[in-house]
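Asker: Right, I'll just put the structure down here and ask away after.
The values are calculated or read from the model by the stated rules, or taken from the named source; none is laboratory data. In this text the structure is predicted, and so the values were computed from the model without any measurement. Every residue, glycine among them, receives a Cβ derived from its backbone with ideal geometry; neighbour counts consider all protein chains shown. Keep in mind that these areas ignore ligands, DNA and RNA; they rest on the heavy atoms of the full protein, side chains included. Shrake-Rupley method; radii C 1.70, N 1.55, O 1.52, S 1.80 Å.
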Amino acid sequence: MNERIDNSLNELCTDVGFVNVNKHGEQLCGDHVEVIPDDKLTVMVLADGLGSGVKANILSTLTSKIISTMIANSLPIEECVNTIASTLPLCKERQIAYSTFTIVRISNNMEAEIIQYDNPWVILLRNGKNFDYPKTAEFVADKGEAIFSKGVINKKVIYKTKIRLQENDTFIAMSDGAIHAGIGKSLNFGWQRDDIIKYMEEIYQSDYSAKTTSSLLLSKCVELYGGEPGDDTTISTVKIRRRRPINLLIGPPANPQDVMKMMALFFAKEGKHIVCGGTTSTLAAEFLRKSLNTGLPNYVDPDIPPTAAIDGVDLVTEGVITMSRVLEYARDYLKDNDDYFHWKTSEDGASQIAQLLFEEATDINFYVGRAMNAAHQNPDLPIGFSIKMHIIDELSTCLKAMGKQIKVSYF
């Protein structure tokens, strides 16, 4: 998901990734992120409920869902913001709202609109450096109260921003757990916004996905908390990326006469190419008229079969065992992302596929052969089709949840 590199809207896309941790000792997170993904409009809402626990969780969930639902029904964003801001009451003791929120709305991958209400201000990294974007303050009255001037009691201040986009623009939204990190432990006054900016500029890499950026920042927050967060902490990143297609071929076709057709379609696709499976690799090598180089087996991970090589193919791996591990990584990625540093830094086939599909790809094309392999059938499994098909189906679902554009072609 302008001042762009070129004029094609299809060249860029919006990548959204978020992670959170609960306050130490709490079962529920008081922050909530809601995302509405679409080719022409992407909306991210991060809400932070007052306090922690059940009440905060309910309030933040309601806030983010109300705003996102109104936007999904094509209501003007001004009406969405005014409705939620005027609906939320103030805490009588603290004189602050029961839930704060941040909205990042990306239109056609060309323009960003940022709406901020009492959360830490969004950080925008442009070319890896902090970009000080303009903000306009608007004042919203409570229920039944007219709007007069800036000094009126109980006015809610909404900050709005509109900005043209560039490739790799990275918006980092956060709950106040991020700026409170380290208070009373490693830092006297918490981790200030300027400190967070400095840290993100130091670790920035243009190829980091939105989820990776969020994960790295959250990990630092947890470290500053000494592993026991003193507040719910949520990081949500919205990044404008160039589209990168990845193509994955697994299994020979059910009809041997379709081999040429399947291979021709697969290798004609733009982007990198991954071939999975022994028989599939042999067929791919024959189609390309290249040799299949297995070399000396290098078991980087003793549980994952070694990779091979074919000139003209970006990655060649074993099939079902390797893809089963990729599916495990995908499930974890959508939850706590605990396995991130393992697959990000490992060189076995499953880790390399995870790096390509989770980090690099925006559009993924699966070419799946339906030929049955007796080694992949297990009558004890509660599924009626081959293990291979089950893996591809679930992996596709996980990748869609990551915001990837998925197409699966069966042969």
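Asker: Only four residue types carry charge here, +1 at the Cβ of Lys and Arg and -1 at the Cβ of Asp and Glu. Report the dipole size of the range 228-301 about the Cα centre in Debye, rounded to the nearest 20.
Answerer: Numbers: 10 positive and 7 negative charges, 135 e Å.
Roughly 640 debye, rounded to the nearest 20.
Asker: Here's something else I'd like to know. Could you tell me the calculated FRET efficiency between residue 139 and residue 197, based on Cβ-Cβ distance and R0 = 25 angstrom, to the nearest 0.05?
Answerer: Values: r = 28 Å, r/R0 = 1.10.
After rounding, the FRET efficiency stands at 0.35.
Asker: Additional query: Which value in Å is the Kirkwood Rh of the range 156-244 over different Cα pairs? Present the calculation step by step, with values, prior to reporting the outcome.
Answerer: Working: mean 1/r = 0.0707 Å⁻¹.
Mean inverse Cα-Cα distance, inverted, gives 14.1 Å.
Asker: How many percent of all Cα-Cα pairs in the range 222-330 sit more than 20 Å apart? Present the calculation step by step, with values, prior to reporting the outcome.
Answerer: Numbers: 3186 of 5886 pairs.
Considering the range 222-330, 54 percent of its Cα-Cα pairs are separated by more than 20 Å.
Asker: In addition: Leaving out same-chain residues fewer than 8 places away, which lysines sit with a Cα under 23 Å from that of residue 160?
Answerer: Those lysines meeting the cut-off are 40, 65, 129, 135, 143, 150, 239.
Asker: Amide H to amide H under 5 Å from residue 243: which residues, 5+ apart in sequence or cross-chain, H placed 1.01 Å off N in plane?
Answerer: 12, 13
Asker: Which three numbers, in whole Å and largest first, are the semi-axes of the equivalent ellipsoid of the range 293-363 derived from its Cα gyration tensor as √(5λ)?
Answerer: They are 21, 14, 10 Å, listed largest first.
Asker: Between beta-carbons, use under 13 Å as the cut-off and find the net charge around residue 331, counting Lys and Arg +1, Asp and Glu -1.
Answerer: -4
Asker: Just the accessible area per residue of the range 170-312, please: how many Å² with a 1.4 Å probe?
Answerer: Values: 6590 Å² over 143 residues.
Per residue, the range 170-312 has 46 Å² of solvent-accessible surface.
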